[in-house]
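Participant: Structure incoming, see below.
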Amino acid sequence: VCDMYCNGGADTEKWADAQAGRYIGIDASASAVSSDDRELWENKWKPFTTEFIELNPSADDFEARLQEKGIQADIVCCMQNLQLCFESEEHAKKLLNNVSSLLKPGGYFFGIIPDSSTIWTKYQKNVEASHNKGLKVVPNSIRSDNYTITFEIEEEKYELNFCIYVRLNRFAILRLRHYIQMV
């Protein structure tokens, strides 16, 4: 398993439960792959070998930098910060090239990106429910058993930020679809 934007191996226990044979954590932040994190992992019971590498999945050239290590994986994942890879077409292309260079033939890539449309719809329903109950305070969060998303109380500022966020995501997805069709 190769975990991009690994955040110091925050998900290693999940991969232990999945009985991974090897874990490769890649992160752009030096603090995310620090020697303290490596030492902490080495001191734990570890069911698989680990390696932490400091590279940026959407900016660095993995093929050139990892060729001598011969790193390939059955699974490449990005469970955090995948949305950052779509800030530009160049970043999206670099990410896809890096995933391609890491995956073994027949391997899988998966990741998580927040769905801004779902978040916005849930927030609107929450606000509407508050108005229907006659509450004078507008809720500033939505939550479930797995997450809590808190918004800034200033609606005007929030709407502007949200609209920009939605447009960037739609642009990035359209550009990615275009890129995939070209490849």
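The values are calculated or read from the model by the stated rules, or taken from the named source; none is laboratory data. Fair warning: this is a prediction, and the values are worked out from it, not measured in the lab. For neighbour counting, all protein chains shown are included, and Cβ atoms are generated from backbone atoms with ideal geometry for every residue, glycine included.
Participant: Could you go through segment 77-98 and let me know if any residue there is in a loop (DSSP other than H, G, I, E, B), modelled with pLDDT under 85 and touching a strand residue (DSSP E or B) at 6+ places or on another chain (Cβ under 6 Å).
Facilitator: Checked segment 77-98: no residue is in a loop (DSSP other than H, G, I, E, B), modelled with pLDDT under 85 and touching a strand residue (DSSP E or B) at 6+ places or on another chain (Cβ under 6 Å).
Participant: In the list CYS85, CYS78, which residue meets the criterion of being without any contact (Cβ under 8 Å) to a residue 60 or more places away in the chain and crowded, with 18+ Cβ neighbours inside 10 Å?
Facilitator: CYS85
Participant: Let me ask something else about it. Kindly indicate whether LYS122 is more than 28 Å from ALA28 (Cα to Cα), assigned to a helix (DSSP H, G or I) and at pLDDT below 60.
Facilitator: No: the conditions fail for LYS122.
Participant: Restricting attention to segment 59-75, which residues are touching a residue at least 12 places away in the same chain (Cβ under 8 Å) and assigned to a loop (DSSP other than H, G, I, E, B)?
Facilitator: ALA59, ASP60, ASP61, ILE71, GLN72
Participant: Taking the condition of being part of a loop (DSSP other than H, G, I, E, B), modelled with pLDDT of 75 or more and under 19 Å from the mean Cα position of the chain (by Cα), how many residues in segment 19-56 meet it?
Facilitator: Summing the residues that are part of a loop (DSSP other than H, G, I, E, B), modelled with pLDDT of 75 or more and under 19 Å from the mean Cα position of the chain (by Cα) in segment 19-56 gives 4.
Participant: Within segment 97-149, which residues are farther than 30 Å from LYS69 by Cβ and in contact (Cβ under 8 Å) with a residue 40 or more places away in the chain?
Facilitator: Those that are farther than 30 Å from LYS69 by Cβ and in contact (Cβ under 8 Å) with a residue 40 or more places away in the chain: SER116, SER117, TRP120.
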